[in-house]
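Have a look at the structure below before the remarks.
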Amino acid sequence: MRLTNTFQRFASTFTIVLIGLACWVEPAAGQCCSGAQNLVTDSLDGRFRVEATSLTGTGHTAHGPYKFRFRTLRVGADGETEKIGVFDRAWNTDKHFTMTVGVSPTGNGFVLSSAFETKILFFAPDGTILATIEENAPSIVCACQDNTPINLTVTGRTPFGFRRTRLWLPLLHVTGPETEWVSEKQPKVVVKENIGFKTVRPEEVRWVAQMLKWRPEQGEREAGRVKELIEQADETGLIELGLSALPLVEANLAVKEQIPLRRVQREIIRRLCGHRNAWRNLDLLLAFGEHPNKSLRDCAQEQLQALLPDGEPTADWVRQNRGQLQWDAELNAYRT
């Protein structure tokens, strides 16, 4: 049942405030936490929404085990919603309830951090885990607001102590830099390179740029090479071909399970965080405008200019003209 926009805003703000307090406030002796709470979170642009609904009740009496249903919705300009995916997840624990959800503005899924997980997980709308952050006790710093920022703050214990860094949400890229608390008495912060969290590698940045420039005709040209690499079980070569390799890899997996090909599939999906059409995904290309890597920003801007008809390839232009844009498969571009 779809709720009204007014109620969604109220519910989103109220539940996130409760969860934010749970993240920051340690319950006093004899004090019971608020227990399971429903959560409604929108992406920064409001186009995608995740509803996390407790299936075992809410309030301080619903104190585990926990079971939640996660629904991902696309929100239209008129406020109407369309279901993209739904799945359930359960935790057999009675820990205090804390959960933070960050919704990707590109529609590929959402990131989840909770007291019940040892990792930060990025879920596709159908519940597939696309990517993870596996530092010691990582968590997303709670943001008490309706919309999820595109750059999240994450914390965790590293071999170099407790650290805080930045996370670019659409591809789950840890981008940093980290902060180091030099003195507890005098909270001076020294900005350094990431030394504890695993950041996106330079070669992977270059690979992402290549995938943004990919076109279907490239996949046709490289199909023969992909078949050769599959026969040779060359995982590295297949991963490098990325979007050209993925369809044939998955076609082979549909016939017979092959561990090397499964690893290839998972690595390509991890690097793209579920974006099958990264090269023509307007939401993703626009989101790259806030990626800290300049080469990726410039590459995405070039792709927008190549894909869009005349007009400024900006978020405002796309927002105003999205309803008139149609994909032309022959031109490999959008037209009005």
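Each reported figure results from applying straightforward, stated rules to the coordinates on display, with no laboratory input. Remember, predicted model here, so these are calculated numbers, not experimental data. Positions of Cβ are generated from backbone atoms using ideal geometry, with glycine treated the same way; all protein chains shown enter the neighbour counts.
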Relative contact order of the chain (C-alpha contacts under 8 Å, at least 6 apart) in percent is 10 percent
Shape call for segment 193-263 from the C-alpha gyration tensor, a ≥ b ≥ c root eigenvalues: rounded (a/c under 1.5), prolate (a/b greater than b/c) or oblate? oblate
Once you place label points 7 Å from the Cα toward the Cβ at A306 and K83, how far apart are they in nm? 3.9 nm
Comparing V255, V154, V208, which has the greatest mean-square fluctuation in the GNM of the chain with Cα pairs linked when under 10 Å apart? V255
Residue exposure sequence - L284, L121, L55 - by fewest surrounding Cβ within 10 Å: L55, L121, L284
Segment 258-297 and segment 115-144: distance between their alpha carbon centers, rounded to Å: 18 Å
In segment 65-150, which trypsin sites (Lys or Arg not before Pro) are in a loop and have at most 13 other Cβ atoms within 10 Å, using DSSP for the loop call? K95
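Taking only pairs that are 8 or more places apart or on different chains, how many Lys pairs in the chain have Cα atoms under 19 angstrom apart? Before the final figure, lay out each step's value.
Numbers: K67/K95; K67/K119; K95/K119; K119/K198; K213/K294; K227/K256.
Summing the qualifying lysine pairs gives 6.
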For the chain, the longest principal axis of the Cα atoms and the Cα long axis of helix 202-212 enclose an angle in degrees, to the nearest 10, of 60 degrees
Let me know the whole percent of all Cα-Cα pairs from the chain that are separated by more than 31 Å. 39 percent
Helix 294-307 vs. the chain, principal-axis angle (Cα, 0 to 90°, nearest 10): 60 degrees
Percent antiparallel among DSSP beta bridges confined to the chain, nearest 5, equals 95 percent
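For segment 49-107, run through the GluC sites (Glu not before Pro) and keep only the ones in DSSP coil with at most 12 other Cβ atoms within 10 Å of their Cβ.
Listed in order of number, the matching sites are E80.
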Show the residues, 5+ positions off or on another chain, whose built amide H is closer than 5 Å to the amide H of A333. D328
Output the 0 to 90 degree angle, nearest 10, between the alpha-carbon long axis of helix 246-255 and the longest principal axis computed from the alpha carbons of the chain. 80 degrees
Proxy reagent accessibility, fewest Cβ within 10 Å first, across D88, D146, D78: D78, D88, D146
For segment 165-178, Karplus couplings with θ = phi - 60° (6.51, -1.76, 1.60), whole Hz, Gly/Pro x: 8, 10, 10, 8, 5, x, 10, 6, 8, 6, 10, x, x, 7
For Cα pairs less than 8 Å apart in space and 6+ apart in sequence, what is the mean separation divided by the residue count of segment 203-272, i.e. the relative contact order in percent? 34 percent
Per residue of the chain, what 222 nm ellipticity follows from adding -39500 (n - 2.57) for every DSSP H run with n ≥ 4, rounded to the nearest 500? -9500 deg cm²/dmol
